[in-house]
Amino acid sequence: MQESLFEQDSSTSKSTAQPVKYRDLHELFEQSKSCTKCRLASTRINFVFGEGNPEAHIVVIGEAPGSEEDAQGRPFVGRSGKLLDKILEAIGFSREDVFICNIIKCRPPENRNPLTDEIECCMPWLKLQLQLIKPKILLLLGRVAANTVLDNKQSMGNLRGRIIQWSGYDVVVTYHPAALLRNPNWKRHCWEDVKLLRSHYDKVC
Ligand code: URA
């Protein structure tokens, strides 16, 4: 993990490197919720910080809030979220057992893909969240989350189906629930991935 990103004063400017320490997720939320570092601040309804167990062993990371998430200020509460709930339930977890968040905290207009500069502006918030939660395992949903966190351009086929050691975390990559809604044939791969997640969790947590 790049320590320099943790040390930026993320509430002001990307370029001002100052040590910033947050005591807990609540304090980080209070600091981040009015973020104006990128253009998405002007079109969002809510900054979607994320939610769940602040001491979770697993952090689930998606791409960006959609319209329902923007309206409610909560991650994965629309159609994809309902499927994510079922996926978690199938391996014996509830939303309260994990922490759920996104790479990007504000909805991109028309649900377009996040732009590179938007991701760069937002990543420090995610890194601070991980620093406070200290999970053992990351579940990355979809290629945007996987390629951003792992800082690579590998395909889903290369990334899924295994445990990836990255920066002190054990990472499982699988399809984004929205992709599963479009391509139900991929559900069996996702099932393999989350069974792997569960067995790894039972081993290491
Ligand atoms: N898709 C995401 O990636 N995140 C959400 O919170 C909702 C849909």
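Per the listing D151, D97, D117, the residue uniquely closer than 19 Å to E51 by Cα, out of contact with any Asp or Glu (no Cβ under 6 Å at 6 or more places or on another chain), open to solvent by 50 Å² or more (accessible area, probe 1.4 Å) and away from the ligand (no atom under 16 Å from the Cβ) is D97.
Restricting attention to the range 71-80, the residues that are over 17 Å from L28 (Cα atoms) and either more than 14 Å from the ligand (Cβ to nearest atom) or buried (at least 21 other Cβ atoms within 10 Å of the Cβ) (or both) total 3.
Considering the range 107-205, the qualifying helices (runs of 4 or more DSSP H), each wholly inside and each with 1 or more residues that are among the charged types (D, E, K, R), run over 116-133, 142-150, 177-182, 187-204.
With respect to the stated conditions, L140 is open to solvent by less than 10 Å² (accessible area, probe 1.4 Å) and among the hydrophobic types (A, V, I, L, M, F, W, C).
Restricting to the range 50-70, name every residue that is within 11 Å of the ligand (Cβ to nearest atom), open to solvent by 10 Å² or more (accessible area, probe 1.4 Å), in a loop (DSSP other than H, G, I, E, B) and farther than 9 Å from I100 by Cα.
Residues satisfying the conditions are E63, A64, G66.
Take I137 and decide whether it is away from the ligand (no atom under 14 Å from the Cβ), touching a strand residue (DSSP E or B) at 6+ places or on another chain (Cβ under 6 Å) and under 19 Å from E63 (Cα atoms). Judged against the criteria, I137 is a match.
Can you tell me which residue within the range 149-194, out of those that are under 19 Å from the mean Cα position of the chain (by Cα) and of a type in the set (D, E, K, R), is nearest to I58 (Cα to Cα)? This residue is D170.
Does F76 satisfy the criteria of being among the aromatic types (F, W, Y) and either in contact with a strand residue (DSSP E or B) (Cβ under 6 Å, 6 or more places away or on another chain) or in a helix (DSSP H, G or I) (or both)? Here the answer is yes, as F76 does meet what is asked. In the range 165-194, the residues that are among the hydroxyl-bearing types (S, T, Y) form Cβ pairs under 6 Å with partners that are modelled with pLDDT of 95 or more and open to solvent by 30 Å² or more (accessible area, probe 1.4 Å), at six or more places apart or across chains, as follows: T174/R160; Y175/W186. What residue, of L130, L196, is away from the ligand (no atom under 16 Å from the Cβ), among the aliphatic types (A, V, I, L, M) and surrounded by fewer than 20 Cβ atoms within 10 Å (Cβ to Cβ)? That would be L196, the only listed residue that is away from the ligand (no atom under 16 Å from the Cβ), among the aliphatic types (A, V, I, L, M) and surrounded by fewer than 20 Cβ atoms within 10 Å (Cβ to Cβ).
The values are calculated or read from the model by the stated rules, or taken from the named source; none is laboratory data. This structure is a prediction, so every number in the text was calculated from the model and none was measured. Glycine gets a Cβ as well: all are built from the backbone with ideal geometry, and neighbour counts include every protein chain shown. The area values use the complete protein model at the heavy-atom level, side chains included, leaving out ligands, DNA and RNA. Shrake-Rupley method; radii C 1.70, N 1.55, O 1.52, S 1.80 Å.
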